[in-house]
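**Q** Below you will find the structure I want to go over with you.
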Amino acid sequence: MQLTFNKRADAPAGSPLNSGNSLADLRCGQAAVIELLNVPEDLGRRLMELGFFPGSEVVAAGCAPGGDPRVYRVDGSEIALRKETASLLKIQAGSIRTENPAKSPSSRP
Amino acid sequence: MSAGNSRRDLAADRPSNTGGRRHYVALVGPPNAGKTTLFNRLTGLRQKVGNFPGVTVEYHIGKARATGGREVFLIDLPGIYSLQPRSEDEEVTRDVLIGKKPDLGQPDAVVLILDATNLHRQLLLAAPILDLGLPTLVVLNMADDLAARGGSVDPAALAAQLGSPVALISAATGAGVEKVLQFLEGSIARPLAAAKRVELPILQDLPGCRRWAGQIGRQSGYTAPAPPLWTRRLDTVFLHPFLGPFTFLAVVVAVFQTIFSGAKPLMDGVENVIAISGNWIGAALPDGLVRGFLIDGIWAGVGSVLIFLPQILLLFLFIGVLEDSGYLARAALIADRTMSLVGLQGKAFIPLLSAYACAIPAIMATRTIENKRDRLATILIAPFMTCSARLPVYLLIIAAFIPDRPLLGPLLNTQTAAMLGLYLLGFLAAIATAQLLRSTVLRRQQTVFVLELPPYRMPNIRSLGLRLYDRAVVFLKRAGTVILLVSACLWVLAHMPYENGQPAKLEQSYAGQIGHFVEPAIRPLGFNWKIGVGLITSLAAREVIIGTLGTIYGIENADKDNVSLQQALRQDLSPAAAAALLVFFAFAMQCFSTVAVVRRETGSWFWPSVQFIYMTSFAYVSAWGTYLFLNR
């Protein structure tokens, strides 16, 4: 597990940092484990202070009407992120699982 | 006692307030942990707002009565997630804690307040705070919530792990607060019991800190509470694709309805009190210059502003309830998508809503926006929102010039439509300006919007009351200084120079001369010199123009009653010029206090100057266009 900060605002298309699934790909009620935070360092620290660590499990809990921003449940709290930010938080391949719907009444497809 | 604390022991031997150093305890914690609720419970009304010199961050300082009856100074520092200075709030909090604020010195002790319902993450802040080596009380707040949701923690075990005392309390109900008071008592005891040194993680290594927090939590028997079910249930409604926006709109409409219709009886009440007390003062004074100065100059001028106090307090009550209940975070979430269309973000929604009451608290509320450019853009457009000071000006001119006719049956009449049109005008100007800023000076590729959604909670009446009290004091100070000064100056200018023991006629007075001097500049808009005097005095605060026009026409037609202000305006101003005046007021930045607060919040005169010139030229050109268009 590694912690990567991207010094530039966005990596060139096709770079390994831009491939793979991210939190933005989760549907409501799905959970996944974060692989790395592909964000500038200060945003990365803020996200970690809110619970988004590499290795943390994150649940897509819901979203604003219209679908953006999204609400993620992580480390006991709910954090809203815009899709564009969520797409920079890469998830471990194969870590997606669907939460028991009864446990998350606010999730909607 | 370890050697590392000898410096503090020396300081502690000095009596309080010698050498410019005051003994105090700092209250720190992450946002939403209930820090302010605890502070209010400990200090009540014995608190005031302070400002650190050179920065915009406000703090509250108050006195708490410790267990032994002695008084301890407490400082409520801004909510922080870490001591890594990223925002101005965090920088100030860190500077205070490490003693870099020369006027304050390092605190004698720290009360770290954490939300017990989310202990693991909250303990992330404990590591850097304990690392300071100050005597620290770790307060685990929301004990009632933790127990109700089936969570538990062993404070004694946690205290052993952290090497500092731990108190499990509920700041909202007051349960366990006596433990905080005991700690405060100890904080003024000499010598101080310092924090025990414990093994702390490397602070730069956040994942390491999080592992440490998890381990500490496990070893103190922490059971996380069940998820907040009510919060999830409420969010299924408030964030529902259809019900969510509907509730949002209903809330916004309710806020407006309250500040316009609900506040009316209260405002009439204040108006009556001012009128009656003015008559009393008038009856007690001999007729003459002094009475004229006090009644027509000062009392009328200040009174015309005091009338807005109920409206402003009601708006703050609303915002307070929405904020403390947790709904405001959802409102910001819902608004984010719409705001992003004009290059703003959801967090700007709260300041912009407040700006409908007054731009000053709105601009101060932009501090919650971390991104500097987003914050600046919000500050620059906030004064376009129709603040309550414009309202009386609109009311006067609309009543004088627009005949009251039904437009949509009983639902809408012409006057209301004109009023709504003016609100819309301000809003559109704000949006256009935001767009302009985004495509020019404040251009950027990416907006970061990170917002924590706290669980819904019952607002605390005590905290709400204290907040309203705070706001009332700020507002009354303004009325008692800026507006009092302007009213007094205007009255003097309108009566000077004195010739043969008689005050000058208005037209020959200094005020009249100033009005005549600016007349060429405002003639294209259809305004005469009297409006010119009003425009100049309204630079101090918009609503002052009413008092000014009252004074001007009152002086001219001293025998007529007050109702004739509308008639006098109709004789003096063409309908096209009246429309131009409304447009001018919708856009111009006529408020010294706003200019001052923008200077304070942006740190230089650059942005307030740009803003003032931009808004005033925008107003001038638009008013000119309106006048030309209507006078074709």
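**Q** All but one of (1) over 19 Å from B:ALA362 (Cβ atoms); (2) assigned to a helix (DSSP H, G or I) hold for B:ALA586; state the number of the condition that does not hold.
**A** Every listed condition holds for B:ALA586 apart from (1).
Yes or no, residue by residue, for (1) touching a Pro at 6+ places or on another chain (Cβ under 7 Å); (2) at pLDDT 50 or above; (3) not polar (S, T, N, Q):
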| residue | (1), (2), (3) |
| --- | --- |
| B:ASN5 | no, no, no |
| B:ALA12 | yes, no, yes |
| B:THR18 | no, no, no |
| B:VAL25 | yes, yes, yes |
| B:ARG41 | no, yes, yes |
| B:LEU45 | no, yes, yes |
| B:ASN51 | no, yes, no |
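**Q** Does at least one position in the range B:177-193 carry a residue that is β-branched (Val, Ile, Thr) and exposed (fewer than 15 other Cβ atoms within 10 Å of the Cβ)?
**A** So far as the range B:177-193 goes, no, none of its residues is β-branched (Val, Ile, Thr) and exposed (fewer than 15 other Cβ atoms within 10 Å of the Cβ).
**Q** Condition (residue is more than 26 Å from B:PHE316 (Cα to Cα), within 14 Å of chain A (Cβ to nearest Cβ) and either of a type in the set (A, V, I, L, M, F, W, C) or assigned to a loop (DSSP other than H, G, I, E, B) (or both)) applied to the range B:422-444: is it met by at least one residue?
**A** yes
**Q** Evaluate the range B:128-135: report whether one residue or more is within 12 Å of another protein chain (Cβ to nearest Cβ), part of a helix (DSSP H, G or I), closer than 20 Å to B:ILE202 by Cα and more than 27 Å from the chain's Cα centre (by Cα).
**A** yes
**Q** Got at least one residue in the range A:9-18 being more than 8 Å from chain B (Cβ to nearest Cβ), touching a Lys or Arg at 6+ places or on another chain (Cβ under 7 Å) and at pLDDT below 90?
**A** Checked against the condition, which is being more than 8 Å from chain B (Cβ to nearest Cβ), touching a Lys or Arg at 6+ places or on another chain (Cβ under 7 Å) and at pLDDT below 90, the range A:9-18 yields no hits at all.
**Q** Sticking with this one: What number of residues within the range B:284-304 are crowded, with 21+ Cβ neighbours inside 10 Å and either in contact with an Asp or Glu (Cβ under 6 Å, 6 or more places away or on another chain) or of a type in the set (Gly, Ala, Ser) (or both)?
**A** Qualifying residue count for the region: 5.
**Q** Condition first: within 7 Å of chain B (Cβ to nearest Cβ) and either at pLDDT 90 or above or surrounded by fewer than 21 Cβ atoms within 10 Å (Cβ to Cβ) (or both). Can you find one or more residues in the range A:25-42 that meet it?
**A** Yes, some residue in the range A:25-42 is within 7 Å of chain B (Cβ to nearest Cβ) and either at pLDDT 90 or above or surrounded by fewer than 21 Cβ atoms within 10 Å (Cβ to Cβ) (or both).
**Q** Could you please let me know if B:PHE256 is part of a helix (DSSP H, G or I) and modelled with pLDDT under 80?
**A** Yes, satisfied.
**Q** Also, I was wondering about something else. Within the range A:99-107, is even one residue at pLDDT 85 or above, at the interface with chain B (Cβ under 7 Å from one of its Cβ atoms) and crowded, with 22+ Cβ neighbours inside 10 Å?
**A** Within the range A:99-107, not a single residue is at pLDDT 85 or above, at the interface with chain B (Cβ under 7 Å from one of its Cβ atoms) and crowded, with 22+ Cβ neighbours inside 10 Å.
**Q** Give me the helices (runs of 4 or more DSSP H) completely within the range B:285-348, filtered to those with at least 2 residues that are in contact (Cβ under 8 Å) with a residue 60 or more places away in the chain and more than 26 Å from the chain's Cα centre (by Cα), ordered by residue number.
**A** Hits in the range B:285-348: B:289-292.
**Q** Ok, one more. For the range B:328-344, which residues satisfy the criterion of being surrounded by fewer than 20 Cβ atoms within 10 Å (Cβ to Cβ) and either among the polar types (S, T, N, Q) or more than 13 Å from chain A (Cβ to nearest Cβ) (or both)?
**A** B:THR338, B:SER340, B:VAL342, listed by residue number.
**Q** Name every residue in the range B:204-224 that is assigned to a loop (DSSP other than H, G, I, E, B), within 14 Å of another protein chain (Cβ to nearest Cβ) and either closer than 30 Å to B:LEU353 by Cα or at pLDDT 90 or above (or both), in order of residue number.
**A** Across the range B:204-224, the qualifying residue is only B:TYR222.
**Q** So which residues in the range B:78-115 are of a type in the set (Val, Ile, Thr) and surrounded by fewer than 19 Cβ atoms within 10 Å (Cβ to Cβ)?
**A** Correct list: B:ILE98 only.
**Q** Just to check your reading of the model, which residue among B:PRO201, B:PRO245 is out of contact with any His (no Cβ under 8 Å at 6 or more places or on another chain), outside any helix (DSSP H, G or I) and within 14 Å of another protein chain (Cβ to nearest Cβ)?
**A** B:PRO201 is the lone residue from the list that is out of contact with any His (no Cβ under 8 Å at 6 or more places or on another chain), outside any helix (DSSP H, G or I) and within 14 Å of another protein chain (Cβ to nearest Cβ).
**Q** Still on this structure, please answer the following. Could you list, in sequence order, the residues of the range A:62-94 that are more than 7 Å from chain B (Cβ to nearest Cβ) and within 22 Å of B:ALA116 (Cβ to Cβ)?
**A** Answer for the range A:62-94, where residues must be more than 7 Å from chain B (Cβ to nearest Cβ) and within 22 Å of B:ALA116 (Cβ to Cβ): A:ARG73, A:VAL74.
**Q** Moving to a separate point now. Being away from chain A (no Cβ under 11 Å), charged (D, E, K, R) and farther than 14 Å from B:ILE381 by Cβ, is that true of even one residue in the range B:361-370?
**A** yes
**Q** Consider the range B:114-134. How many of its residues are closer than 30 Å to B:THR602 by Cα and touching a strand residue (DSSP E or B) at 6+ places or on another chain (Cβ under 9 Å)?
**A** 2
**Q** Kindly establish whether B:VAL251 is within 28 Å of B:ALA331 (Cα to Cα), surrounded by 12 or more Cβ atoms within 10 Å (Cβ to Cβ), under 30 Å from the mean Cα position of the chain (by Cα) and modelled with pLDDT under 90.
**A** When the stated conditions are applied, B:VAL251 passes them.
**Q** Of the residues in the range B:363-373, how many are assigned to a helix (DSSP H, G or I) and at pLDDT below 85?
**A** 7
The values are calculated or read from the model by the stated rules, or taken from the named source; none is laboratory data. Computed from a predicted model, the values in this text were never measured in an experiment. Because the Cβ atoms are built from the backbone with ideal geometry, glycine has one as well, and the counts that use them run over all protein chains shown.
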